Structure formats: structure tokens, C-alpha cells
Amino acid sequence: MSIFRAVKSVVGEAGWEEGTVSGWNDCSSGRGNAAQFSLTAIRKHSLPAAPDNVTRDVAEALRSEVGLSGVPVQHDDTLRPPRTVVSYPNGYNGGTAADGFGLEFQSGVDFASLLIWGHCVPGEVPDLGTPLNPRPTDLP
């Protein structure tokens with residue numbers, strides 16, 4: 001959730017409510033049962049600045065507030081409209097870390113989205129509605 005808070009500190013708190021879904025999923029750890037938290041958040045409202053500036057500021061917030069290093073700002077001109085993208089740890093369309101961890105933030109005109117894939121950790125997927133796996137209506 002610290003990643004989501006860092007993004008919100010740049011983009012704004014409002015407008016994420018309807019487009020946010022999170023939960024736990026099974027993942028492959030090679031050593032039995034494992035679980036991975038994921039979050040998808042979409043905001044369809046005006047941005048506080050131009051998409052390039054917002055995405056640059058998100059990359060800086062991920063560095064300073066979350067401690068991620070090597071967060072590149074990239075562009076995807078194949079999308080319509082084109083988007084400015086931050087993707088970690090392997091750059092845009094570069095995939096996740098070996099344990100499944102990764103994130104992607106995109107911004108465009110009146111649009112921002114965030115995808116987070118957590119680390120794949122040993123254990124069972126928590127039950128929906130519990131503190132570790134809240135329903136979307138329970139999110140901050």
C-alpha cells in the first residue's frame with residue numbers, strides 16, 4: 001500500500017475509488033502453496049500537471065517515499081492516446097522480478113492507472129473479507 005500512497009501523493013487522493021480492485025491470488029513458489037497480493041487502480045480524472053510531469057513525479061516519489069531505485073520514465077506511443085509509463089523493476093513490458101514483484105504506472109490525458117504485483121510468498125491465500133484480504137469497499 002506504500003506504493004499506492006506514493007502515487008496518490010502525486011496524482012491526488014480523489015477519483016480512485018471506483019477503479020480500485022485488490023486481492024490475493026495463488027502464485028507459483030516451487031515450494032508448495034504461495035500467495036501474491038495484487039492491486040489495480042484506475043483514475044479517470046484530470047491530472048494535476050501534464051502526463052510527462054506527473055509520471056516523472058511519480059517515479060521520484062517511488063524513489064524517495066518507497067525506496068525503489070532505477071525507476072525509468074518511458075513512453076508508449078502505440079497506445080491511443082499515447083501514455084507516459086513507469087514500470088519497475090525491469091522497465092516497461094520487461095516483466096516482474098523473479099518472485100513476481102512489479103509495478104506499472106501510466107498517465108495520459110485525464111487518465112492514470114497503477115498495477116502492483118506483490119512478492120510471491122509461501123502460505124495460503126487469505127480469505128476474502130479478512131484484514132489481509134479486504135473487500136474493495138474496505139480499502140482506504
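What is the number of the single condition among (1) at pLDDT 90 or above; (2) open to solvent by less than 50 Å² (accessible area, probe 1.4 Å); (3) within 25 Å of Pro122 (Cα to Cα) that Thr40 does not meet?
(2)
Which residue out of Gly12, Gly32 is in contact with a strand residue (DSSP E or B) (Cβ under 9 Å, 6 or more places away or on another chain), modelled with pLDDT of 90 or more and at positive phi? Before you say what the answer is, go through the steps one by one.
Working: Gly32 fails: modelled with pLDDT of 90 or more.
Result of the check over Gly12, Gly32: Gly12.
Looking for whichever is in contact (Cβ under 8 Å) with a residue 40 or more places away in the chain and out of contact with any helix residue (DSSP H, G or I) (no Cβ under 9 Å at 6 or more places or on another chain) here; the options are Ala41, Ala35, Ala61. Which one fits? Before the answer, list the steps.
Numbers: Ala41 fails: out of contact with any helix residue (DSSP H, G or I) (no Cβ under 9 Å at 6 or more places or on another chain); Ala61 fails: out of contact with any helix residue (DSSP H, G or I) (no Cβ under 9 Å at 6 or more places or on another chain).
So the residue among Ala41, Ala35, Ala61 that is in contact (Cβ under 8 Å) with a residue 40 or more places away in the chain and out of contact with any helix residue (DSSP H, G or I) (no Cβ under 9 Å at 6 or more places or on another chain) is Ala35.
Would you please list the contacts, defined by Cβ atoms under 8 Å and residues six or more apart or on different chains, that run from a residue in the stretch 109-129 that is open to solvent by less than 30 Å² (accessible area, probe 1.4 Å) to a residue that is basic (Lys, Arg)?
Ala112/Arg43; Ser113/Arg43
The values are calculated or read from the model by the stated rules, or taken from the named source; none is laboratory data. Since we're looking at a predicted model, the values are computed, not measured. Here the Cβ is made from the backbone with ideal geometry for all residues, glycine too, and neighbour counts use every protein chain on show. Ligands, DNA and RNA are excluded from the accessible area calculation, which covers all protein heavy atoms including side chains. Shrake-Rupley method; radii C 1.70, N 1.55, O 1.52, S 1.80 Å.
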